[in-house]
2 protein chains.
Amino acid sequence: MIINTCLERAPAIILIEPREAGNIGSTARAMMNFGMTDLRLVRPKTHWLETFTRQMASGANEILNGARVYETTEEAISDLNIIYATASKKRDMIKPLLTPRSAAQEMKSLTQQGARIGLLFGTEPSGLENEDVMRASALISIPTSEDFDSLNLSQAVLLIAYEFFQTHLPDSFVEVSLSGKRSSFATQMEVEGFLKHLEEELDIANFWRVSEKKPDMLQNVRNIFNRIQLTQQETQTLRGILKALVYHRWGIFSQKNKTSS
Amino acid sequence: MIINTCLERAPAIILIEPREAGNIGSTARAMMNFGMTDLRLVRPKTHWLETFTRQMASGANEILNGARVYETTEEAISDLNIIYATASKKRDMIKPLLTPRSAAQEMKSLTQQGARIGLLFGTEPSGLENEDVMRASALISIPTSEDFDSLNLSQAVLLIAYEFFQTHLPDSFVEVSLSGKRSSFATQMEVEGFLKHLEEELDIANFWRVSEKKPDMLQNVRNIFNRIQLTQQETQTLRGILKALVYHRWGIFSQKNKTSS
């Protein structure tokens with residue numbers, strides 16, 4: 001499902017001391033999947049732009065090419081307005097702790113009011129230093145299973161970028177839509193035609209066995225087909241199947257008749 | 001944020017012809033992050049359980065150890081009730097097309113009714129064959145940016161597992177936080193300007209008393225102001241307050257000086 005959503009002033013992703021080239025590549029890819037473009041690196045390992053980085057970025061090269069490198073977090077965020085820090089561990093600091101979903105709502109509202117937002121990500125497994133967390137107005141923590149809470153850096157970026165992107169979707173995409181062309185639905189008359197035909201044939205075949213049971217059984221049969229939301233083509237196909245099955249049966253009957261005569 | 005949520009009968013993840021060992025490892029990790037345990041592989045590449053698989057799984061070994069391998073999709077899903085297929089491309093099939101979020105709601109409801117659910121994932125970049133898609137009652141498509149819609153296999157698993165996990169969170173974790181109206185936010189440089197100014201003045205005032213205590217005390221002070229999400233106006237106001245206080249102090253000094261002279 002490809003959405004042409006213009007994410008104006010999407011948050012900047014700021015990686016503090018990223019160590020693995022592959023992770024930087026995957027982060028770029030995750031950003032691009034969800035319309036984020038502003039990647040900033042603070043004190044990355046010396047050779048961060050390796051072949052492996054581009055390989056893991058899988059085509060998100062424009063993000064890597066535009067990435068800016070800084071010596072300090074302070075410089076990296078100086079032009080931004082509001083900072084969020086991602087945290088897997090509890091901190092001894094008084095800050096709002098948000099889920100990615102509630103943070104995404106807040107970030108959307110803040111960007112609409114003109115704020116430029118930055119998201120700080122630390123390295124695995126230690127995470128952000130308190131000195132960096134301190135710069136944030138709130139923490140974002142991704143709820144995970146108790147048994148296994150270690151998220152990969154690019155996965156954390158992916159989930160937060162995904163949630164931010166979700167807030168920009170038109171309502172129609174949040175609802176259920178149908179894939180494939182459904183050129184024309186069958187009318188109820190067409191469906192009813194098939195169901196009547198089916199009932200007749202089942203009568204002939206003595207399908208219901210006990211006539212008192214027929215109403216309930218018929219209702220169940222009707223429910224099955226009514227739930228499908230049939231197209232005209234499919235209804236025709238079903239009638240074709242029914243005719244074919246019946247034809248076969250009559251064939252046997254006529255053979256029998258021939259034999260008995 | 002670690003949540004002790006029991007995901008009873010969480011959906012099975014079924015990878016069709018997975019090729020990269022690293023992807024299988026990352027998938028196991030993503031599953032474990034969000035309480036899923038049932039991994040099934042259909043015709044995986046011969047040596048799928050490599051050192052690299054375990055490396056990428058980053059500790060999610062129990063998922064890999066319990067993974068079951070099948071020759072056909074049919075066998076892999078035979079014990080399951082409802083199948084969803086993930087699809088990045090449009091299909092010429094008439095099936096409900098769900099977002100991960102709406103699918104997660106539906107899956108939760110179905111599992112509560114006793115259904116065992118399976119999620120089919122194809123290989124990059126081709127995705128699932130129609131023959132496999134056909135087995136699904138609905139498609140799940142992850143909304144992505146128009147410019148870049150290729151999601152890594154384990155990232156797709158991660159997002160869908162994440163959404164399913166979200167439906168099991170207590171309400172308190174889903175809460176949306178509110179943000180007020182703010183005319184224009186201060187940049188981090190402006191906030192930093194105020195904080196540096198404050199620190200200088202506190203140095204002069206011998207506010208920290210014991211120099212060893214300064215780092216912790218300063219961190220607390222900074223946290224207070226960073227939490228506020230200051231506007232430019234508020235930052236100016238704070239600097240004004242600071243200047244006023246300092247001016248007053250110097251005023252006393254000069255008065256003292258006058259008195260003493």
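Bear in mind these aren't lab numbers, they're just calculated from the coordinates by the rules spelled out. The shown structure was predicted, so the numbers you read here are calculated from the model rather than taken from an experiment. Glycine gets a Cβ as well: all are built from the backbone with ideal geometry, and neighbour counts include every protein chain shown.
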Partner shielding of A:113-123, taken as the mean number of other chain Cβ atoms within 10 Å, equals 2
Shielding of A:148-156 by other chains, given as the mean Cβ count within 10 Å, works out to 6
Loop trypsin sites (Lys or Arg not before Pro), the range B:24-57, which have at most 16 other Cβ atoms in a 10 Å radius of their Cβ (DSSP): B:Lys45
The answer for the net charge of residues other than A:Lys214 whose Cβ lies under 15 angstrom from its Cβ, with Lys and Arg +1 and Asp and Glu -1, is -2
Around B:Glu190, with a cut-off of 12 angstrom between Cβ atoms, what is the net charge of the other residues, counting Lys and Arg +1 and Asp and Glu -1? -1
Taking the range A:34-131, the equivalent ellipsoid from its C-alpha gyration tensor has semi-axes in Å, biggest first, of 24, 18, 14
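Over the range B:23-118, what relative contact order in percent results from Cα pairs under 8 Å that are six or more residues apart?
On the way: 90 pairs, mean separation 28.1, N = 96.
29 percent.
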Shielding by partners - mean other protein chain Cβ count within 10 Å, residues of A:99-110: 4
Links exceeding 28 Å between C-alpha atoms in this model, out of A:Lys213/B:Lys95; A:Lys108/B:Lys214; A:Lys95/B:Lys214, come to A:Lys213/B:Lys95; A:Lys108/B:Lys214
Formal net charge of residues neighbouring B:Glu163 (Cβ-Cβ distance under 15 Å; K, R +1; D, E -1): +1
